[in-house]
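Following: one structure in structure tokens, then a few remarks.
The values are calculated or read from the model by the stated rules, or taken from the named source; none is laboratory data. Everything quoted here is computed from the prediction, not taken from an experiment. Backbone-built Cβ (ideal geometry, glycine too); neighbour counts: all protein chains shown. Keep in mind that these areas ignore ligands, DNA and RNA; they rest on the heavy atoms of the full protein, side chains included. Shrake-Rupley method; radii C 1.70, N 1.55, O 1.52, S 1.80 Å.
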Amino acid sequence: MLIGGWTLAASRQPRGYSVAQDTISALAARGATDRWIMTLGLLILGACHVSTAAGLRAARPLGRVLLAVGGVGTLVVAAAPQPAHGSSHVHVVAALTAFVLLSVWAVAATSADSDGPLAGRTGQVATGVLLALLLIFGVSTAASSFVGASERALAGAQALWPLVVVLAARRSRFPAVTRTDRGD
């Protein structure tokens, strides 16, 4: 929903909007063309993070809490859009909170006795990658011409990692039946 939302919303903006330079928040800001598209994408993403945290029993509780609070932060980002000009303190704090928590939840969710994306090493690597993307985005906010691109890389990775974890957890819980399992 996030990637589809920013793609569709960007296509609806007037000439001059740049996906490389302009933020995702600009697509949902007051005054943006069809801002409801990006707002809906953010609301669905936030709800997905919260529901994933609630249902991901294979993850450690702290990781689930961080994922859920990151999802709530995403909901607040949608509910407190940027003004047409200037900045919203609530929006910025919610976005920062969501970005940080959605970058670190993976390591907090992992366990040394797990395998797949919930294994300790995998969670550390995922968190390292997400924190590196967060750092790049943070540096790019200082009047960079690629702040939009770096934000999309970060937000896209943060949106997709929980899906990877859920699919892997389902696979380990319900392994596929193979020929040898059926006695063939």
Quick check on segment 137-171: of everything there that is more than 18 Å from Val50 (Cα to Cα) and in contact with a Leu (Cβ under 8 Å, 6 or more places away or on another chain), which residue is surrounded by the fewest Cβ atoms within 10 Å (Cβ to Cβ)? Ala153
Could you pull out the residue among Val107, Val72 that is in a helix (DSSP H, G or I), in contact (Cβ under 8 Å) with a residue 40 or more places away in the chain, open to solvent by 50 Å² or more (accessible area, probe 1.4 Å) and over 25 Å from Ala20 (Cβ atoms)? Val107
When you check Val90 against the structure, is it under 19 Å from Ala29 (Cα atoms), over 14 Å from the mean Cα position of the chain (by Cα) and either β-branched (Val, Ile, Thr) or open to solvent by 60 Å² or more (accessible area, probe 1.4 Å) (or both), yes or no? yes
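Here's the yes/no breakdown for (1) out of contact with any helix residue (DSSP H, G or I) (no Cβ under 8 Å at 6 or more places or on another chain); (2) farther than 21 Å from Gln158 by Cα:
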{"site": "Ala9", "(1), (2)": "no, no"}
{"site": "Gln13", "(1), (2)": "no, yes"}
{"site": "Tyr17", "(1), (2)": "no, yes"}
{"site": "Thr23", "(1), (2)": "no, no"}
{"site": "Ala28", "(1), (2)": "no, no"}
{"site": "Gly31", "(1), (2)": "yes, yes"}
{"site": "Leu42", "(1), (2)": "no, no"}
{"site": "Gly46", "(1), (2)": "no, no"}
{"site": "Arg64", "(1), (2)": "no, no"}
Determine if segment 32-39 includes at least one residue that is more than 30 Å from Ala168 (Cβ to Cβ), open to solvent by less than 70 Å² (accessible area, probe 1.4 Å), in contact (Cβ under 8 Å) with a residue 12 or more places away in the chain and in contact with a Phe, Trp or Tyr (Cβ under 8 Å, 6 or more places away or on another chain). no
Kindly indicate which of Ala9, Ala26, Ala20 is open to solvent by less than 50 Å² (accessible area, probe 1.4 Å) and in contact with a Lys or Arg (Cβ under 8 Å, 6 or more places away or on another chain). Ala9
Failed item in (1) in a helix (DSSP H, G or I); (2) closer than 25 Å to Ala47 by Cβ, with Pro83 passing the rest: (1)
